[in-house]
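Okay, so here's the structure we're looking at.
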Amino acid sequence: MDTCISCVFALDENSKYSSQVSLMVPNSLLQRRSFTVVYSANSRVPEKKAMDLRGKLLQLLLLGFVILAATAASIPNSICERMCGEVEIPYPFGTSEGCYLDKPFLITCNHLYSPPKPFLDVDLPVEDISLPNGELRVSNPVALLCKRDQPICLSPYCRRPTVDYTDISALLNLSSFRISETRNMITAVGCDVYTYIQGTDQGQKGFTTGCLSLCDKNLNVVNESCSGIGCCQTSIPKGATGYILNVRSLSNDTLPGGNDLCGYGFIVDEQAYKFSSLDFRNLKNRTTVPLVLDWAIGNKTCKDAQKNKTSYACKATHSYCYDSTNGPGYRCKCSSGYHGNPYLPDGQDDSCQDIDECKQDHWKLACNANATCINTDGNYTCACPKGYEGDGRIDGTDCRPIVIGQSNNKIISIALGVSISLLVLLVGTSWVYWGLKKRKLIKLREKWFQQNGGLMLQQRLQHHTGSMDTTKIYSAEELKKATDNYNKSNILGQGGYGTVYKGVLADNKVVAIKKSKIGDQSQIEQFINEVVVLTQINHRNVVKLLGCCLDTEVPLLVYEFITNGTLSDHIHDKSRSSLLSWDNRLKIATETAGALAYLHCEASMPIIHRDVKTANILLDGNHTAKVSDFGASRLVPLDQTQLTTLVQGTFGYLDPEYFRTSHLTEKSDVYSFGVVLAELLTSKKVISFVRPESERNLATYFVSMVEEDRLLEILDDHIYNGSNAEELKKVANVAKRSLSVKGDDRPTMKEVAVELDGFRIKEKHSRKES
């Protein structure tokens, strides 16, 4: 059927002259964005009046076009192609004009392939589109670095093949989609390689992150574990819209492991990739991996979008809107009791339609056995048979016999007896069921307790007097309630070893709860090690362990809650860095040095932290330092001065002597603390690929500037006031000595703490005199 717009104009109420215009628009044209219209006026109209009439007619026609264009923009064509090969293309996505909501949702269906393949932005293959989850799975390029004899390039993203290597970078740039930070992981595979990405978020802010993958000489790796040995993974920042990903070797001449091994880097759907030792070679033949993107409608919230009903995308009557959690925009879902496509208006086959629960089996669990299921719009009812009354639902008034006079007393008595018998049987069955379920839960928790190293922890704590008394054992239910069932809004931070949640215990005490990531037995030992180490520490500048919980699927640690975030947040956030005065920075450095000196010299057994960095130094409201995260720490027997361990730590803070020899000493912590001092003085990141190559590593750059007497050029402007130059140079000299390449040339942590404390006392004395 066609649509007609027809109007008649009279120039005045006594005029004989009039004109009529009709606009006939086929319904198929309602899908188009442009129209051609011809109008005619009565030839008897005088020229001047005819011109006025044409102006009025033109205004009317323009108004009609606006209405038609708005209608066309919101309704997809019923003949649109909804399959491209084996991939369904649901609206708001589409493959041709009039079939998609907006330009970002255009999918290019390439029929040169057999079967045809869908592409996003022309060159990004689409594997799946999910309406309910607001997700789009695409094929994402793999970056690699290979030793080679002949120049090769396996990907269109190859950047610069060198004389000795094939170096392929992965590049992705999205205008309207975000990379899912909950579904994807940055992954590096290889021996002694690291992968890093430089990317942007929806606010066009840049970020750099990555991870380091190491191997021993025997290539002893654990399949399906990306804990840093042969494979490493780290999360991607929220709201990322594009990136460049590179793979680099820690060795400048050859790749460790032989010329036939490569290093690989990619961002992948963590559900779609499980690491295997075979990947060292097999990934060379794989150019893409699955990547999950989050999509949303526009850049408005639901509240703002609903103000314009024409452009509002939730077209189905039985649908609702919810805001995107990864960047701006919103999504639509069918209401409870309905299924289909909420972006299509009512009347189209795929729009939100009622679910006929009576054709499914779950209604039988809610209705009385004698009741009949009757489907309603968005729900269903249970109808009692003739002679019964009630709503027919087991959890409602059920179906009761209708009582008519005394003749029904016998029937009622029989029914009552049967009901009581059934009730007794039900109670007995329930008691047995819950008893068996409780026993099963107890056995399951015993299994988790052993699996999470409970026996190992008990044995190790028995060797340390008082440890068992100071460590409280929390129940799984207590911590689940404290974190509101581990609600995402309570997440304080995420790292390679777990997620930290804010929790409120029953006594209103605020705590930090660490939910560990356990991939293999070595990580269990690392978790137990952190508990044992923390039970040996009693220092005001070390975060206090309150207790743990082992009878859960993954082990949990409970710490005191530190209110003011990490030192890294304060230094590298420009809005907060200016508030961190030199007095506070020197105070934080002195307290941190004192805590590390305590670990090395005064604890019941010497402790090497092994991962000293600004992200592991927490601050309270008074800028008091609290050293945290002892997952990598090691207890040192009193008769030893060094330990031989698998190299572990954070790139940029890692002691080069420890990295080269695998010999861990207290001087390894001194080097890492020297990097922290350099950060406090300069407010620069320890590794930055946006700086020139000579300045990329803060430790080496800082030492060279101090040696050239150019310290003032790299100091943070907020801490240098012209009168404190000598004091800053003295602290910088402490940092320089701590960053000596040879451990023997570095001071002890105790010596560093004494020097810094002396600087603070002298500064306070000078301030009082002035």
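The values are calculated or read from the model by the stated rules, or taken from the named source; none is laboratory data. For clarity, every value in this text was computed on a predicted model and none was experimentally measured. Note that we place each Cβ from the backbone using ideal geometry, even for glycine, and neighbour counts take in every protein chain shown.
Filter region 350-365 for residues that are surrounded by 14 or more Cβ atoms within 10 Å (Cβ to Cβ) and part of a loop (DSSP other than H, G, I, E, B) and give the result. Asp350, Cys352, Ile355, listed by residue number. In region 332-347, is there at least one residue being under 30 Å from Ser419 (Cβ atoms) and in contact with a Phe, Trp or Tyr (Cβ under 8 Å, 6 or more places away or on another chain)? Among the residues of region 332-347, not one is under 30 Å from Ser419 (Cβ atoms) and in contact with a Phe, Trp or Tyr (Cβ under 8 Å, 6 or more places away or on another chain), which makes the answer no. Within region 732-749, residues that are of a type in the set (Lys, Arg) sit with their Cβ atoms under 7 Å from residues that are assigned to a helix (DSSP H, G or I), at 6+ positions apart or across chains, in these pairs: Lys736/Val703; Lys736/Val706; Lys742/Glu657; Arg746/Lys667; Arg746/Val670; Arg746/Tyr671; Arg746/Arg737; Arg746/Ser738.
In region 608-636, the residue that is modelled with the highest pLDDT out of those that are in contact with a Ser or Thr (Cβ under 8 Å, 6 or more places away or on another chain) and of a type in the set (Lys, Arg) is Lys613.
Criterion first (without any contact (Cβ under 8 Å) to a residue 24 or more places away in the chain and not hydroxyl-bearing (Ser, Thr, Tyr)) does Asp573 satisfy it? Yes: the conditions hold for Asp573.
Do the conditions hold for Glu666, that is, is it in contact with a His (Cβ under 7 Å, 6 or more places away or on another chain) and modelled with pLDDT of 80 or more? Taking the combined requirement at face value, the residue satisfies it. Scanning region 689-707 for residues that are crowded, with 16+ Cβ neighbours inside 10 Å and of a type in the set (A, V, I, L, M) returns Leu698, Ala699, Val703, Met705, Val706.
Check whether at least one residue in region 304-319 is in contact with a helix residue (DSSP H, G or I) (Cβ under 6 Å, 6 or more places away or on another chain) and either crowded, with 16+ Cβ neighbours inside 10 Å or touching a residue at least 40 places away in the same chain (Cβ under 8 Å) (or both), and report yes or no. Checked against the condition, which is being in contact with a helix residue (DSSP H, G or I) (Cβ under 6 Å, 6 or more places away or on another chain) and either crowded, with 16+ Cβ neighbours inside 10 Å or touching a residue at least 40 places away in the same chain (Cβ under 8 Å) (or both), region 304-319 yields at least one hit.
All of (1) part of a helix (DSSP H, G or I); (2) out of contact with any Lys or Arg (no Cβ under 8 Å at 6 or more places or on another chain) hold for Val706 with one exception: (2). For the residues Glu97, Glu81, the requirement of being charged (D, E, K, R), touching a Ser or Thr at 6+ places or on another chain (Cβ under 6 Å) and modelled with pLDDT of 90 or more singles out Glu81. The set of residues from region 331-376 being under 36 Å from the mean Cα position of the chain (by Cα) and under 14 Å from Ile394 (Cβ atoms) comprises just one member, His362.
Conditions (1) surrounded by fewer than 18 Cβ atoms within 10 Å (Cβ to Cβ); (2) at pLDDT 90 or above; (3) not assigned by TED's automatic domain parsing to the domain that holds Ser662, marked per residue:
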site	(1), (2), (3)
Gln202	no, no, yes
Gly206	yes, no, yes
Thr254	yes, no, yes
Leu261	no, no, yes
Gly265	no, yes, yes
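When Ile714 is tested against (1) modelled with pLDDT of 90 or more; (2) over 38 Å from the mean Cα position of the chain (by Cα), just one condition goes unmet, and that condition is (2).
For region 102-137, filtering for residues that are on the phi > 0 side of the Ramachandran plot and either crowded, with 16+ Cβ neighbours inside 10 Å or assigned to a strand (DSSP E or B) (or both) leaves 2.
From the list Tyr338, Tyr320, the one residue that fits, being at negative phi and at pLDDT 95 or above, is Tyr320.
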